[in-house]
Amino acid sequence: MTWPEPPNYYEAPKHGFKVTLENPTFPIINPDPNITDAVTNMRSENWGVVAGLAGLGYVAGYYFGAKVHWAKPTALFTSIFLGKSGLLWGMSDSAHRLMGFKENSKEVAANLPHVMQRESY
């Protein structure tokens with residue numbers, strides 16, 4: 001029986017936890033966005049997903065809760081649960097745009113005005 005090799009902590013990791021091992025393909029606006037940055041830079045499509053999931057959760061919760069005569073509490077719970085899930089997805093999508101991993105032309109125009117071209121007179 002042979003002993004396994006000890007890990008070499010000086011080598012680059014092969015996979016990471018909380019480490020992105022890919023290079024951003026779009027301009028980086030904020031390399032480490034916080035929650036406020038992620039929420040304030042969410043697009044209207046993201047807010048639509050949040051509202052849609054919350055509405056869908058209310059309808060589904062009401063439908064399934066009516067079978068056990070607990071329609072409104074079940075509807076409120078599923079609405080809040082799916083709305084929060086949509087909010088987390090939207091914040092993740094927004095953070096990836098701010099870090100340059102997704103298309104971010106609107107964020108570049110809104111957050112980096114010095115990158116915009118000057119108008120000719």
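Read-outs throughout are calculated quantities, based only on the coordinates presented, and are distinct from any laboratory measurement. Please read all numbers here as calculations on a predicted model, not as lab measurements. Every residue, glycine as well, gets a Cβ built from its backbone with ideal geometry; the counts of neighbours run over all protein chains shown.
Structure summary
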item	result
Proximal charge balance of LEU98 [Cβ under 15 Å; K/R count +1, D/E count -1]	-1
Sum of side-chain charges, ALA38 neighbourhood, beta-carbon under 10 Å (Lys, Arg +1; Asp, Glu -1)	-1
Ascending count of other beta-carbon atoms within 10 Å, so fewest first, for VAL39, VAL68	VAL68, VAL39
